[in-house]
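The values are calculated or read from the model by the stated rules, or taken from the named source; none is laboratory data. Fair warning: this is a prediction, and the values are worked out from it, not measured in the lab. Positions of Cβ are backbone-derived with ideal geometry, glycine not excepted, and every protein chain shown enters the neighbour counts.
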């Protein structure tokens with residue numbers, strides 16, 4: 001899946017999860033758009049895959065800082081000034097829970113991270129089942145299962161169970 005296809009998958013999943021947890025309308029909108037744009041900074045760096053980012057100490061932080069700089073210098077100036085602050089919130093640190101002053105969550109960052117990982121799992125699982133496999137895909141898929149095995153329930157959504165069910169489906 002391309003970066004743009006992945007972002008759309010995550011946005012759709014976040015919308016469905018927001019409905020599932022009965023999130024207020026504005027929170028559902030915030031979750032959808034945050035998910036839709038969550039990897040947009042990676043488009044600027046040609047989507048360096050996570051295993052590469054993590055393979056060298058400090059590389060992930062360096063790339064993240066560069067992406068943030070590129071967002072501020074190249075993307076945000078393209079938007080009307082009145083939109084920039086909102087888009088900055090959507091693009092930077094999308095997986096952080098952000099509460100509003102009234103105590104409601106403006107963005108369910110942890111749930112969005114679950115949706116992001118679920119999309120990655122679906123992409124890896126589908127590829128493997130269609131016969132396009134590699135050690136990186138198999139290890140990545142297994143790693144995602146392990147991450148969610150003990151703490152898979154986020155905001156009432158059991159991401160581990162979803163992954164297991166998808167893994168056992170014939171496609």
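Within the range 121-134, restricting attention to residues that are closer than 18 Å to residue 9 by Cβ and in a loop (DSSP other than H, G, I, E, B), the residue that is modelled with the highest pLDDT is 130.
Of all residues in the range 64-86, those that are surrounded by 12 or more Cβ atoms within 10 Å (Cβ to Cβ) have Cβ atoms under 8 Å from Cβ atoms of residues that are not in a helix (DSSP H, G or I), 6 or more apart or on another chain, in 66/45; 67/45; 68/92; 70/45; 71/92. Does the range 139-146 include one or more residues that are surrounded by 14 or more Cβ atoms within 10 Å (Cβ to Cβ), farther than 27 Å from residue 43 by Cβ and in contact with a helix residue (DSSP H, G or I) (Cβ under 8 Å, 6 or more places away or on another chain)? Looking for residues that are surrounded by 14 or more Cβ atoms within 10 Å (Cβ to Cβ), farther than 27 Å from residue 43 by Cβ and in contact with a helix residue (DSSP H, G or I) (Cβ under 8 Å, 6 or more places away or on another chain), one finds at least one in the range 139-146, hence yes.
For the range 49-57, the criterion of a residue being surrounded by 12 or more Cβ atoms within 10 Å (Cβ to Cβ), within 18 Å of residue 113 (Cβ to Cβ) and touching a helix residue (DSSP H, G or I) at 6+ places or on another chain (Cβ under 7 Å) is satisfied by at least one position. Residue pairs whose Cβ atoms lie under 7 Å apart, sitting 6 or more positions apart in sequence or on different chains, and linking a residue in the range 105-127 that is touching a residue at least 24 places away in the same chain (Cβ under 8 Å) and on the phi > 0 side of the Ramachandran plot to a partner that is crowded, with 23+ Cβ neighbours inside 10 Å and not in a strand (DSSP E or B), do not occur here. Scanning the range 96-107 for any residue that is out of contact with any strand residue (DSSP E or B) (no Cβ under 7 Å at 6 or more places or on another chain), under 23 Å from residue 64 (Cβ atoms) and surrounded by fewer than 18 Cβ atoms within 10 Å (Cβ to Cβ) turns up at least one such residue. When residue 21 is tested against (1) more than 15 Å from the chain's Cα centre (by Cα); (2) buried (at least 19 other Cβ atoms within 10 Å of the Cβ), only condition (2) is not met.
Checking 118, 137 one by one, the residue that is within 18 Å of residue 32 (Cβ to Cβ) and in a helix (DSSP H, G or I) is 118 and no other. The one condition from (1) touching a strand residue (DSSP E or B) at 6+ places or on another chain (Cβ under 9 Å); (2) under 21 Å from residue 19 (Cα atoms) that residue 89 does not meet is (2). Would you confirm whether or not the range 66-77 contains a residue that is at pLDDT below 90, under 21 Å from residue 124 (Cα atoms) and touching a helix residue (DSSP H, G or I) at 6+ places or on another chain (Cβ under 8 Å)? No - not one qualifying residue is present in the range 66-77. For residues in the range 30-56 being outside any helix (DSSP H, G or I) and modelled with pLDDT under 85, which is farthest from residue 10 (Cα to Cα)? This residue is 56.
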